[in-house]
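Single-structure report; data block below.
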Amino acid sequence: MLDLINVSYDTQIPNNVGLSSDKRVLKALEKWHPGYINWWNDLIPDNFQQSLVYLRTAVSVDPKGWAKFDYVKMPEYRWGVLLAPQVEDRTIPCGEHAGEAAWQEVPGEYRAMLRRLIVIQGDTEPASVEQQRFLGKTAPSLYDLRNLFQVNVEEGRHLWAMVYLLHKYFGRDGREEADDLLRRSSGSEEAPRMLGAFNEETPDWLSFFMFTYFTDRDGKMQLESLAQSGFDPLSRTCRFMLTEEAHHMFVGETGVGRTIQATCEAMVKAGIEDPYDTDAIRALGVIDLPTIQKKLNLHYTLSLDLFGQEVSTNAANAFNAGIKGRYMESRIDDDHKLHGDTYEVWDFEDGKLVRKEVPALTAINMRLRDDYTRDASGGVGRWNKIIEKTGIDFQMKLPHESFNRKIGVFADKLFDPDGKLLTGAEYDAGMPDWLPTHADGDFIQSLMVPVYEPGQYASWIAPPKVGIDNKPGDFEYVKLHMA
Amino acid sequence: MNKPVKQHLIDPEICIRCYTCEMTCPIGAITHDDNNVVVDAARCNFCMDCIPVCPTGSIDEWRIVNEPYSLDEQFGWSELPPQEEIAADGDGADTSIEAFDDAIAALLAEAHSGAGGKARAPASAAKPSINLYNLAKPAEATVTGNFRLTSEDGDSDVRHIILDFGATPFPVLEGQSIGIIPPGTDEKGEAHLPRLYSVSSPRDGERPNYNNVSLTVKREPNGVCSNHVCDLKPGDTVRVTGPFGSTFLLPSDSGAHLMMICTGTGSAPFRAFTMRRQRENPRLKDTMSLYFGARTPEDLPYFGPLKKVPESFMKKVFAFSRQPESPKNYVQDKLRENADDVAALMRNPDGYIYICGLKAMEHGVEEALSDIARSAGLVWTEVRDTMRDDGRYHVETY
């Protein structure tokens, strides 16, 4: 009998989808595999490839087996194809087919739409590894270095997950799309990644933490809605990916939190009360809170753009087709069809921002973005608790969603972080206080020095409260290979 | 008054509200509001499915409470409450309930009484699962091996038993015990109570990544359970309760120096400790020592395999009390011979002492430790109490 829980190692590609008896797909994946390994090897600096990293690998997709920790050399990481267990008698959760049996094969009429969604999702996975490729050289600790690599190998696995779907269900087109996922590259002139935010570089560790907090959270929301797909293999793939994505959220939230912690502690120790006493604070080797707020403004707003237009027929079609659901679709108490329902979105009328009811079906993106904002604001509240505990008078906050936008109703107009419409001159005057300047970037860059001693941390970041896998504080998360 | 219970909680300061635990919980015991993710004490059955899926470690929090915190209380928290003072044996806070069954808790309390106070787990020990299976709902295991460890002509019949749990989850840590329920009834016609055996295999299985455990069992004359276990054949099934015990555990800290003192089948937990460290950290040097007493080498369980463990990984000192033409030697004699090592360990803030075996060994060992302390200018009862309160002194004797 096919074992669909435990990972099988009888092919080169660990999997729980019975690859060894699916010769066509196995052959296609084996053909794709060397290109993937080349991509990985070209990307990560060689001394890290040779280092032993304390990583978790899934040996099965049930709770007991999916987090086995051990030292691994990254090129030997067992990237595999892992789908969450099939739910018996699962039905399509939304749209015009709601209640019908979930599709186990691609429904012909939605083939192009599905392929496009899978390709877009797949394109983001390797992109973030590309964006983060140089960070290892300035890791503030072995603990953080390990977390970076865990994120990287899992993004690599997520690419595998999407490539499997392309190979298995989309024939020749799928194979070509899978090849293109390795051909495009973040920031490239001739073949950039598909979404804007994935072509920006990740220049420093605070950007990395902000990216994992805000941009990976968009990924999480997209995965959540694809996990609701009526196309069952996509749903199962995304459900398993979400358990891994949670780690990326963790890296982001605690990374920013620890940065804030180090700043506040240093301020208290030095007796500095004014959070805007920038030079004095920076002299302590920590990042001042207003600069952290500026980074937050940047990454939050870039991530909002990833949700697309507020009113979108593509999103309506995907929902109506049952290809993509809403966040936590199964927990929403309505008819899951949205005929006749409305949803409130931002619009711009007579030079003013207004809230406007539109058909709920066309506002799927907006709804997901609102869910995202709610989800993202939780961590900001917890960061503020860290500040509050140290007695410093400062609060982080999410800027208004109109600020710094390039896509949707706010694009081409200028707003401040409170959502006030500005003239060009006002905007230019305020910018240095709202978004990181070159000088801010240079300062942060000056703090990016590697700390590779077990248990030691760079000045600008506090140690974590709990070790990975319950390890003690001085655990050697990465045994560095010294060439 | 209610009996104190162990409650599963989530640390709101560390949790990132990813809700992975909530999605994973097979019985819907985890829920959230806008503020917190919380565990319903009335539902949680300690299956531990949520533990490995948590990216933060915030899920691994436990409190001993007289009255479980309600969902509403937990929703309101911004940090975990401290462990409240629970009167247990009249000596203050108890963060380490060893078992929920009164009978088994009493057995373990008696076994640990030689430590001279409330036992505490090593600070870096992994969090144990306890009482996943009980008399009313035992786990079933299949015997996959039964090997005699002592020579056929030796005085004692000690056996290495391997039990496989198949698809039944049975997470057990080195140093924990499991209960075996002998079949049949006693003279009053009532079902036999389980007998406790310390596991002798590490947490990832007798064979790595197999869901199996090994036990080290000595056949006792007229022993209902030991004869049952020693006579088991591959393919037989047994009913198992547990796991039990939450203090006699291995520190995860690889910098911990362990001194292990045992006689006979008291070696079981130390075999598990040694295997765990060998699998996890095979290159450790000079951080473990074993003082092992038996009548003769033929009577000493695992004598052969033990000799293969490199001396640099674990220093091994054997004491034989019935060697022809040799003076009688007990573990306490060997401790005295190595007084410098023992005193150094007492002074080491990363030093751990474990004693396991028959009640009869306790007195002699304690006397030796006391003498060694005195000649090193230390007061043993003070050293012992400090180490014990630190989770670094452990006694389990029957």
* For the modelled label position 7 Å from the Cα of A:Glu100 along Cα-to-Cβ, which residues of region A:226-268 have backbone nitrogen atoms closer than 14 Å? -> A:230-232
* Check: the protein assembly as shown dipole with +1 on Lys, Arg Cβ and -1 on Asp, Glu Cβ, in debye -> 2460
* Structure fact -> The farthest towards the positive end of the charge dipole of chain B, of the residues B:Gln7, B:Ser370, B:Asn227, given +1 on Cβ of Lys and Arg and -1 on Cβ of Asp and Glu, is B:Asn227
* Asked: Can you sort A:Leu159, B:Leu345 so the residue with the fewest Cβ neighbours within 10 Å comes first?
  -> B:Leu345, A:Leu159
* Asked: Near B:Arg207, within a Cβ-to-Cβ distance under 13 Å, what is the net charge of the other residues, with Lys and Arg +1 and Asp and Glu -1?
  -> -1
* Karplus (6.51, -1.76, 1.60) ³J(HN,Hα), θ = phi - 60°, over region A:186-194, in Hz, Gly and Pro reported as x -> 4, x, 5, 5, 7, 9, x, 5, 6
* Structure fact -> Going fewest to most other Cβ atoms within 10 Å around each Cβ, A:Ile281, A:Ile364 line up as A:Ile281, A:Ile364
* Structure fact -> Pseudo-spin-label distance B:Lys328 to A:Val466, built 7 Å along Cα→Cβ, given in nm, is 5.2
* Structure fact -> Extend 7 Å from the Cα of B:Glu367 along its Cα-to-C-beta direction; within region B:301-322, residues with backbone N under 19 Å of that point are B:319-322
* Rounded to the nearest 500, what is the 222 nm mean residue ellipticity of chain A from helices alone, with -39500 (n - 2.57) per DSSP H run of 4+ residues and division by all residues? => -15000 deg cm²/dmol
* Structure fact -> Counting every C-alpha pair in chain B, the percent lying more than 42 Å apart is 14
* Could you state the orientation-averaged shadow area of the convex hull built on the Cα atoms of chain A, in nm² to one decimal? => 23.9
* If one computes the Cα centroid of region B:266-285 and of region B:304-340, what distance in Å separates the two points? -> 18
* So what's the gap between the Cα centers of region A:85-118 and region A:346-361, to the nearest angstrom? -> 32
* Would you tell me the mean number of C-beta atoms belonging to other protein chains that fall within 10 Å of each C-beta in B:48-55, as a whole number? => 6
* Once you charge only the Cβ atoms, +1 for Lys and Arg and -1 for Asp and Glu, what is the size of the charge dipole of region B:257-397 about its Cα centre, to the nearest 20 debye? -> 580
* Show me B:333-342, A:35-44 ranked by packing, highest mean number of other Cβ atoms within 10 Å first. => B:333-342, A:35-44
* **Per-peptide average of other Cβ atoms within 10 Å, ordering A:137-148, A:267-278 highest first** => A:137-148, A:267-278
* **Cα-Cα over 29 Å, subset of A:Lys73/A:Lys220; A:Lys389/A:Lys413; A:Lys73/A:Lys269; B:Lys127/B:Lys233** => A:Lys389/A:Lys413; A:Lys73/A:Lys269; B:Lys127/B:Lys233
* To do: Could you count how many Lys pairs in region B:257-397 have their Cα atoms under 21 Å apart, skipping same-chain pairs fewer than 8 positions apart?
  => 14
* Structure fact -> Taking B:11-18, A:171-178 and ranking on average Cβ neighbours within 10 Å, highest first, one gets B:11-18, A:171-178
* Asked: What size of dipole, in debye to the nearest 20, comes out for chain A about its Cα centre when the only charges are +1 on Lys and Arg C-beta atoms and -1 on Asp and Glu C-beta atoms?
  -> 1160
* Asked: So what is the calculated 222 nm ellipticity per residue for chain B, using -39500 (n - 2.57) for each DSSP H run with n of 4 or more, over all residues, to the nearest 500 deg cm²/dmol?
  -> -6500 deg cm²/dmol
* Asked: If you take the charge dipole of the protein assembly as shown about its Cα centre, with +1 on Lys and Arg Cβ and -1 on Asp and Glu Cβ, which of A:Leu361, A:Gln49, B:Thr24 is farthest toward its positive end?
  -> A:Gln49
* Asked: When Cβ neighbours within 10 Å are restricted to other protein chains, what is their mean count per residue of peptide A:241-252?
  -> 5
* Beyond 20 Å, what share of the Cα-Cα pairs of region A:49-199 is found? Please give it as a whole percent. => 59
* Modelled FRET efficiency - R0 30 Å, B:Phe147 with B:Val5, Cβ distances, 0.05 increments -> 0.15
* For region B:257-397, what is Rg from Cα atoms divided by 2.2 N^0.38 Å, rounded to two decimals? -> 1.00
* Structure fact -> So for R0 = 25 Å, FRET eff. of B:Glu311-B:Arg279 from the Cβ-Cβ r, to 0.05, ends up at 0.85
* Asked: Karplus couplings for region B:125-130 from phi (6.51 cos²θ - 1.76 cosθ + 1.60, θ = phi - 60°), rounded to Hz, Gly and Pro as x?
  -> 5, 5, 6, x, 8, 10
* Structure fact -> Compactness summary of region B:5-95: radius of gyration and Dmax from Cα atoms, Å, are 13.1, 41
* P(r) tail fraction, region B:139-244 - alpha-carbon pairs more than 19 Å apart, % -> 41
* To do: Compute the FRET efficiency between A:Lys27 and A:Arg183 as 1/(1 + (r/R0)^6), taking r as their Cβ-Cβ distance and R0 = 22 Å, and round to the nearest 0.05.
  => 0.60
* Structure fact -> For peptide A:61-69, the mean count of other chain Cβ atoms within 10 Å per residue Cβ is 5
* Asked: What is the spin-label model distance, in nm, from A:Phe69 to A:Lys356 if the labels are put 7 Å beyond Cα along the C-beta direction?
  -> 5.3
* Using the number of other C-beta atoms within 10 angstrom as an exposure proxy, rank B:Ser151, A:Ser21, A:Ser207 with the fewest first. => A:Ser21, B:Ser151, A:Ser207
* To do: With unit charges on the beta carbon (Lys/Arg positive, Asp/Glu negative), name the residue among A:Leu148, A:Gly196, A:Val163 whose Cα is farthest towards the positive pole of the charge dipole of region A:128-199.
  => A:Leu148
* Using a cut-off of 9 Å between beta-carbons, work out the net charge of the residues near A:Asp347 (Lys and Arg +1, Asp and Glu -1, A:Asp347 not included). => 0
* Histogram of C-alpha separations across the protein assembly as shown, 10 Å bin width, % -> 2, 11, 19, 22, 19, 13, 8, 4, 1, 0, 0
* Relative intensity, log₁₀ I(q)/I(0), of region A:75-146 from a Debye sum that treats every alpha carbon as a point, q = 0.16 Å⁻¹ -> -0.85
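Read-outs throughout are calculated quantities, based only on the coordinates presented, and are distinct from any laboratory measurement. Computed from a predicted model, the values in this text were never measured in an experiment. Quick reminder, even Gly has a Cβ in these numbers, built from the backbone with ideal geometry, and neighbours come from all protein chains shown.
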